[in-house]
Amino acid sequence: MKISSLIVCCLTLAAFGHVSAADCVKNQYGAVVCGKGQCATDQYGKVFCAKEGGGALRDREGNVRCGLGFCATDDNGQVHCSTTPGGSAATDSYGKVKCLGTCQAASQRLCEVAR
């Protein structure tokens with residue numbers, strides 16, 4: 001009983017451990033810029049970041065897409081993200097994205113320009 005409670009507690013902490021994680025990367029001019037969530041550079045080197053607890057990935061066209069939670073790319077190059085802030089996403093062995101909670105298509109409107 002105690003071990004199962006400990007496992008549930010650890011999984012809960014792991015699922016929400018990234019919620020307040022910020023990210024910093026270099027932009028096209030070599031300056032370090034930061035965002036509240038995960039950041040990525042587009043095909044031109046411009047940096048976009050997700051909101052706090054969110055993920056950001058570049059799609060197959062080179063555009064950055066963001067989500068409420070972390071993101072993964074499926075076998076068709078589409079970016080999908082968890083609908084849970086700080087929630088994880090991963091690609092399974094069949095090339096499909098699986099998310100904590102549910103998945104939704106990533107969107108450029110959920111991104112912010114890094115500062």
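Can you tell me how many residues in region 43-58 are more than 18 Å from ASP74 (Cα to Cα) and among the aliphatic types (A, V, I, L, M)?
Adding up the residues that qualify gives 2.
List every residue pair whose Cβ atoms lie under 9 Å apart, where the two residues are 6 or more positions apart in sequence or sit on different chains, the first residue falls within region 94-112 and is surrounded by fewer than 14 Cβ atoms within 10 Å (Cβ to Cβ), and the second residue, located anywhere, is among the aromatic types (Phe, Trp, Tyr).
GLN108/PHE48
Quick check: anything in region 60-69 of a type outside the set (Gly, Ala, Ser), touching a Gly at 6+ places or on another chain (Cβ under 9 Å) and more than 30 Å from VAL32 (Cβ to Cβ)?
No; the residues of region 60-69 include none that is of a type outside the set (Gly, Ala, Ser), touching a Gly at 6+ places or on another chain (Cβ under 9 Å) and more than 30 Å from VAL32 (Cβ to Cβ).
Within region 57-115, restricting attention to residues that are part of a loop (DSSP other than H, G, I, E, B) and among the charged types (D, E, K, R), which residue is nearest to ALA22 (Cα to Cα)?
ARG115
Taking region 18-56 as the search range and keeping residues that are under 15 Å from the mean Cα position of the chain (by Cα), surrounded by fewer than 15 Cβ atoms within 10 Å (Cβ to Cβ) and more than 21 Å from HIS80 (Cβ to Cβ), which one is modelled with the lowest pLDDT?
The extreme case among them is SER20.
The values are calculated or read from the model by the stated rules, or taken from the named source; none is laboratory data. What you see is a predicted model, and the numbers here were worked out from it, not measured in a lab. Heads up, the Cβs are rebuilt from the backbone with ideal geometry, glycines too, and the neighbour counts pull from every protein chain shown.
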